[in-house]
Structure formats: C-alpha cells, structure tokens
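Each remark here refers to the structure printed beneath this line.
The values are calculated or read from the model by the stated rules, or taken from the named source; none is laboratory data. None of the values given here were measured: they were computed from a predicted structure. Note that we place each Cβ from the backbone using ideal geometry, even for glycine, and neighbour counts take in every protein chain shown. The area values use the complete protein model at the heavy-atom level, side chains included, leaving out ligands, DNA and RNA. Shrake-Rupley method; radii C 1.70, N 1.55, O 1.52, S 1.80 Å.
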Amino acid sequence: MVLRARQSRDSGEGSVVRRLARARKAPADLVMRARMVELSWAGSRVPAIASELGCSQKTVRCWLHRFNRHGLEGLEDLGGQGRKRRITELERSRIIALVKQPPPGRLMVQPGGDLEAMDEAAPPEWTLDALAGRARELGIEVGRSQVRRILLAEGVRWRRTRSWIRSKDPDFEGKGRGSSASTPARPRTRRSSASTNSGR
C-alpha cells in the first residue's frame with residue numbers, strides 16, 4: 001500500500017504545514033518534516049520525497065506515519081534532554097497565522113449586503129491582548145508579551161488601523177474634509193511697505 005500524508009483536517013492545519021515548509025527561522029528538522037508532508041500532498045511518493053530531501057525512505061515513512069496519527073504535533077521532536085520550550089514551533093506558527101485571519105469582532109459585508117460580525121462582543125481589530133486571548137482559546141498557553149516577541153521576531157504587523165470615516169454602509173455619512181466652516185480661518189493680511197497717507 002502506498003503511504004501518503006493524510007489530507008489536512010482544516011485550512012488552518014494546511015496553512016501551518018505550508019508555512020513551516022518555507023520557514024527560514026524554524027528548526028531545520030521541523031522544516032524538512034513539513035516539506036515531507038507538503039510533497040506527499042503534491043503527489044510525490046516516499047522514494048521521490050527521500051531523494052528530494054536527501055534523507056532515507058525510512059525517515060520519510062516515520063514522519064508521514066506520525067503526521068497521519070497525531071497531526072501537527074506529530075512533526076515535533078519526541079521528548080529528549082534539556083528543558084522543554086514553553087511554546088513549540090507549531091504553536092508559534094498558529095499564533096502568526098491568526099494575524100492573517102479577520103478578527104471575530106470585525107464587521108464584514110455579508111452576501112446580502114449587511115454588515116455583521118462573527119462575535120459582536122469580540123474586538124474588531126487584532127491587538128496583542130486579543131491575539132493572546134484567542135491563542136489561549138486554542139489551547140496555547142501564552143501571554144501578551146510573549147505574543148509580541150513572537151510577532152516582532154517574524155516581522156509581522158499585528159494591528160491594522162482603519163479610519164472610522166471609511167464604511168461600506170450606504171447610510172453612513174462621513175465626517176468630511178475637516179472642521180466646521182462656521183469658524184473660518186483668520187485671513188492673512190499682507191503688510192505693505194508703501195505709505196498709506198498719500199492723501200495728505
């Protein structure tokens with residue numbers, strides 16, 4: 001039977017695998033394992049994957065089996081010597097992937113033209129607190145400061161500032177160009193060097 005990596009369970013899992021396969025700052029072993037899965041998804045068989053990545057077929061089979069059984073966590077190293085990292089590379093990738101998703105509280109134009117949010121009580125923009133909260137909902141124990149360090153290390157912008165005068169609601173009336181015309185600016189007077197008592 002031909003061994004292949006199972007298909008991703010959701011778009012989030014697939015995007016994390018593809019991101020890791022191209023990551024420059026992730027551990028080389030983890031990048032290679034993600035490449036194994038990605039190549040398998042593309043239709044490559046075990047011998048071709050091993051040849052492409054310069055490893056043994058046994059190694060490819062091992063990590064494809066682990067991915068099929070345990071998903072993303074299966075690509076991580078088994079417990080070994082030393083202190084375990086608080087945040088794994090896969091968890092880091094999930095946090096970074098959140099930034100590319102619309103915040104649950106953001107108003108989005110629905111097919112009928114109405115503006116609705118997935119969760120009106122949630123923040124409309126990604127902030128460090130919002131990202132940390134969402135990560136904890138996904139089972140990633142992380143604090144605000146750690147989320148900030150992760151995103152800064154990856155050069156990721158985590159907040160998108162939008163002007164409140166921009167709206168797709170046709171009933172919304174923008175603020176306009178500036179302040180009210182009821183208080184016009186004081187006109188500038190030009191001082192003339194010519195004498196004003198020429199009539200005398």
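Below are the figures for this structure:
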read-out: Lone unmet requirement of (1) over 25 Å from Ala153 (Cβ atoms); (2) under 29 Å from the mean Cα position of the chain (by Cα); (3) at pLDDT 90 or above for Gln57; value: (2)
read-out: Restricting the range 25-68 to residues that are part of a helix (DSSP H, G or I) and of a type in the set (Ser, Thr, Tyr), the residue that is least open to solvent (accessible area, probe 1.4 Å); value: Ser40
read-out: Tally, over the range 11-24, of residues that are assigned to a loop (DSSP other than H, G, I, E, B) and more than 16 Å from the chain's Cα centre (by Cα); value: 1
read-out: Residues (assigned to a loop (DSSP other than H, G, I, E, B), among the charged types (D, E, K, R) and either within 21 Å of Ala26 (Cα to Cα) or in contact with an Asp or Glu (Cβ under 6 Å, 6 or more places away or on another chain) (or both)) located in the range 97-153; value: Lys100, Glu141
read-out: Test set (1) modelled with pLDDT of 80 or more; (2) in contact with a Gly (Cβ under 8 Å, 6 or more places away or on another chain); (3) open to solvent by 70 Å² or more (accessible area, probe 1.4 Å) - Ala121 fails condition number; value: (1)
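Table: residues versus (1) of a type outside the set (A, V, I, L, M, F, W, C); (2) in contact with a Ser or Thr (Cβ under 9 Å, 6 or more places away or on another chain); (3) open to solvent by 20 Å² or more (accessible area, probe 1.4 Å).
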{"residue": "Leu98", "(1), (2), (3)": "no, no, no"}
{"residue": "Pro104", "(1), (2), (3)": "yes, no, yes"}
{"residue": "Leu115", "(1), (2), (3)": "no, yes, yes"}
{"residue": "Gly139", "(1), (2), (3)": "yes, no, yes"}
